[in-house]
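So the structure is just underneath, and the comments pick up after that.
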Amino acid sequence: ISGAPIRNIYAHVTPGGGKSLFALLAGRLIKAGLADALCWVVPRLTLAHQAELNFVDPEFRAMLNHGLTLRSATNEFNPRKGQTGYVTTYQAIGVDEEGFNAAEFTRRRYILLLDEFHHCEDGGVWHKALAPMVDRAVFRIFLSGTLERGDEKKIAFMPYRQDWKNFVPDLQESHNTAVILYSRSDALREKAILPIRFILSDGRVTWEDKAGEKRDAKLSTAYMDTGSAIYTALNTEFADQLLTDGLNHWQEYKKKDPWSKVIVVCSDIMHGKKILGRLHDMGFPKAKLATSDDSPTAIKTLKAFRGPGLDIIAGVGMFYEGFDCKPLTHIICLTHIRSKPWIEQLVARAVRPDPQAGPYSGQAAYVFAPDDFLFRRVVEQIRREQLTLAKQSEAKGSIESDGAGEAQPGIIPLNGEVTGTREVSLGSHVQDELLTISEQEEEKRKEIESHVRTFSFLNRYRIEKINAEIKAYFGKSRTEMSLKELERCFRFIKGAYPMDSKKGHPGLSRPRGIGKRVPTKAEPWLGGWDQ
């Protein structure tokens, strides 16, 4: 805004460090006349919904003194519909065969914000679909909590340099590029995130391999059979005990923080359903399941979880990269995934300080997990990063990938038991419901539909006839209308199609009869039974 020729911003921000604020801050470029609109691209629909919530959050509006608006859109001709910008997903852009998003960038000067852009593989489908949007954007903001992919492939739009045989990210500032680094140590120093306390459970597990031989191992020392050991632990009594320990700790913690919440991270859909059943049996009948295969239901579940009525959910593929819920204090990890980027994103879901929970010094994030070799390596990495806070020095170097720790196919888990735990210390609530722009649009469409149906019923008109009149009058369907247009439409139809009078609007279907639907009056039957 002050005149620097910056066009690109790369921001490597530790998970939980507040990347979501970048979109709101970028809105100042629009206010300054340097751009017309904002496009925010996120990895999943649940995060698109959360992005919309950020723009209507009263705390953010007061903090930044902004009046920006954002709506969720999926490959539409007019994705903004009168708002400041729109949010979409990488998946949607990847299947945008009509090129709606790229064409939109030719009509206005856009700020393009790619959130967790490490999801885009260099040369992949998403890379190719995003390329024209990146080229046409007047400002490009690339955000990520990790500068590596689980498959170790290059990230699209990321500059690299060759280090011996490997390529490593090479973020360098230049005349048109700015780089923002915000490490875990930075965030802890500023009390922007909470320290993490890992409670790791060790145990003995027994399984039958695909050759039919029985294998036995201690979870923490099963270096050669880590995947099979983890799989067995998560599918035997070991998982039940880990779940019980985590829930007991959480319930005790709720005595000092009654708003505290807990998530249980499951391996797959079937495992999630099984854990949900156990939660119900253990005395948590309100517990719900959120899975990545049912995004609409998952969005509703996560929204309820952020409110006061739901304190515990089990989930699959939901609790990483951007999921935000300040009262969340406990994570019970019952998944086999062991890549460092994934676990760092997962545990960061609970590191947001909550002003309602009391002083910062009394808060912490608690993670209950198996004490297997791969998980322990991740914990040690995070612990070393937090130790740099005390030493006032920054750790250098890239993070290695650990893989997923998956079991060999064909093994049969026999039994597992927790043999010990160890802790690694790292370092009125009811509110008015916030509705996003797209949710407000949907509510207004429902109000219009309800009015049309009631009017049609009372006056004996076909609903299709009234809908056709409204579409002809406004020159577009209600799905194409912006929120302001929908509000104007609703005000119009309440006058044009009134419920309590015979007045109406010239040229449109008028009320008829007495405005009250009554059954046809019965007449006595005078004919014989043969007629």
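Across the stretch 1-129, how large is the tail of the calculated P(r) beyond 26 Å, expressed as a percent of all Cα pairs? Don't jump to the answer; show the numbers that get you there.
Details: 1503 of 8256 pairs.
The proportion of pairs with Cα distances above 26 Å equals 18 percent.
Show me the ranking of peptides 143-152, 475-484, 26-35 by mean Cβ neighbours inside 10 Å, starting with the highest.
Result, highest mean Cβ count within 10 Å first: 143-152, 26-35, 475-484.
At 4 °C and 1.567 mPa s, what whole-number value in µm²/s does Stokes-Einstein give for the translational diffusion of the stretch 70-179, with Rh from the Kirkwood sum over Cα pairs?
Working: Rh = 15.1 Å.
In µm²/s, the coefficient is 86.
Just to make sure I understand: if all protein chains stay in place, what is the order of Ser185, Ser72 by accessible area at 1.4 Å, largest first?
Ser72, Ser185
Can you give the calculated 222 nm mean residue ellipticity of the chain, where each DSSP H run of n ≥ 4 adds -39,500 (n - 2.57) and the sum is split over every residue, rounded to the nearest 500 deg cm²/dmol?
So the calculated ellipticity at 222 nm is -11000 deg cm²/dmol.
What's the carbon and sulfur percent of the chain's accessible surface, probe 1.4 angstrom, rounded to a whole number?
52 percent
Based on the Kirkwood radius over alpha-carbon pairs, what value in µm²/s does the Stokes-Einstein equation return for the translational diffusion coefficient of the stretch 165-249 at 4 °C and 1.567 mPa s?
Using the Kirkwood radius from Cα pairs, D works out to 74 µm²/s.
Given H placed on each backbone N at 1.01 Å, which residues far from Lys154 in sequence or on other chains put an amide H within less than 5 Å of it?
HN-HN under 5 Å from Lys154: Asp122.
How about Lys210: which lysines have a C-alpha closer than 27 Å to its C-alpha, ignoring those fewer than 8 places off in the same chain?
Excluding near neighbours in sequence, the set is Lys218, Lys273, Lys274.
The values are calculated or read from the model by the stated rules, or taken from the named source; none is laboratory data. The model shown is predicted, which means the values in this text are computed figures rather than measured ones. No Cβ is skipped: glycine too gets one built from the backbone with ideal geometry, and neighbour counts run over all protein chains shown. Accessible surface is based on the protein model in full, side chains and every heavy atom, while ligands, DNA and RNA are left aside. Shrake-Rupley method; radii C 1.70, N 1.55, O 1.52, S 1.80 Å.
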